[in-house]
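Everything on this sheet refers to the single structure shown next.
The values are calculated or read from the model by the stated rules, or taken from the named source; none is laboratory data. Nothing here was measured: the structure is a model prediction, and the numbers come from that model. All Cβ positions, glycine included, derive from the backbone under ideal geometry; neighbour counts span all protein chains shown. Heavy atoms of the whole protein, side chains included, go into the accessibility calculation; ligands, DNA and RNA do not. Shrake-Rupley method; radii C 1.70, N 1.55, O 1.52, S 1.80 Å.
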Amino acid sequence: MAGASLLTLIDDIATILDDVSVLTQVAAKKTAGVLGDDLALNAQQVNGVNADRELPVIWAVAKGSMLNKVILVPLALAISALAPWAVIPLLMLGGLFLCFEGVEKLYHKLFLHEEPKHLDPQQASNPNAIVSQETEKETEKETEQEKIKGAIRTDFVLSAEIIVITLGTVATATFSNQVMVLAGIAVIMTVGVYGLVAAIVKLDDGGLYLAQSKGEHLLAALKRKLGFGILKFAPYMMKTLSVVGTAAMFLVGGAILTHGIPDIHHWIEHSSSALNNGFMQWLAPALLNGLFGIAAGAAALLIFIPLQRLFTSKKANI
């Protein structure tokens, strides 16, 4: 009897794990689009960081991302059980924040751009220049911390969307299966995204290693050629990811907002389906969501700037 009970238990566990595996695969497929945006956004977040600090920055953001999911998984389960009506408004708030961050980034780049200061060899020997270098290092450290915080904030919104999509996929499953699928997706997405981000940002190091291959044989020559090709390609890829990452803020944020406003969502669907071209039917919703995201982000920024100035002036008078 004990042996039969053990076999029954093992069979039940196998069935549960099989169900979890199937649900996890379905959830992964549904969240693949957000995963792509998450990858582009996080890859461009480390753009401009010193080469020796890239992996530590990615590791810091990855830890923050996992903490986000440790907070979000139980929170999503609790909200879904106790206040399901709050899911959409909270997601929309996160979407608006993404759009705001995108517009703020463009605003700083276009209107508040400052040229980096570099010291020539004569200045470097000056005692005042040494102090300046120390100040510059402190500034770099602060900038790095700001990048990490910004990346973790952005990850929180994208992670929330991934968790909500996953929760919708497993809505009819048992509570235990919901918990296992959400936990599995959280781990897979974090490891997958930040593993790929690390590979992307260190691509140039791999290219340099191949370019420095020794020897006159054919394999060494091919390695050098491939290495130089990677070194030429890597900067263009990082610039592209920077543009794609910013665009993803508007596409994802705008899509979250329009899905939360039924009239606008239906209008976008109707306008897109009315087009004769199949490619445009696919592209139009993304473009319209992106434009709505830019408009929403710009409106949020127009409200935020005067409030920031008011807060700063009050703080200065205290």
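Quick notes on this structure:
- Scanning segment 153-162 for any residue that is farther than 23 Å from Leu288 by Cα and open to solvent by 50 Å² or more (accessible area, probe 1.4 Å) turns up at least one such residue.
- Test: His270 is closer than 18 Å to Leu93 by Cβ, free of Cβ contacts under 8 Å to residues at least 12 places away in the same chain and in a helix (DSSP H, G or I): no
- Extreme residue, farthest from Val197 (Cα to Cα), among residues of segment 92-111 that are among the aliphatic types (A, V, I, L, M) and buried (at least 19 other Cβ atoms within 10 Å of the Cβ): Leu96
- Yes/no for Val193 being part of a helix (DSSP H, G or I), farther than 25 Å from Leu90 by Cβ and open to solvent by less than 30 Å² (accessible area, probe 1.4 Å): no
- Hits in segment 279-312 - residues which are farther than 17 Å from Leu257 by Cα and open to solvent by less than 50 Å² (accessible area, probe 1.4 Å): Leu283, Ile305
- Every residue from segment 217-267 that is aliphatic (A, V, I, L, M), farther than 21 Å from Ile162 by Cβ and surrounded by 17 or more Cβ atoms within 10 Å (Cβ to Cβ): Ile230, Leu231, Ala234, Met238
- For segment 59-96, the candidate set comprises residues that are small (Gly, Ala, Ser) and touching a residue at least 24 places away in the same chain (Cβ under 8 Å); within that set, the residue that is nearest to Leu291 (Cα to Cα) is Gly95.
- Any hit, segment 207-217, residues being over 20 Å from the mean Cα position of the chain (by Cα), in a helix (DSSP H, G or I) and in contact (Cβ under 8 Å) with a residue 24 or more places away in the chain: yes
- Inspection of segment 276-290 finds a residue satisfying the criterion of being in contact (Cβ under 8 Å) with a residue 12 or more places away in the chain and under 19 Å from Lys105 (Cα atoms).
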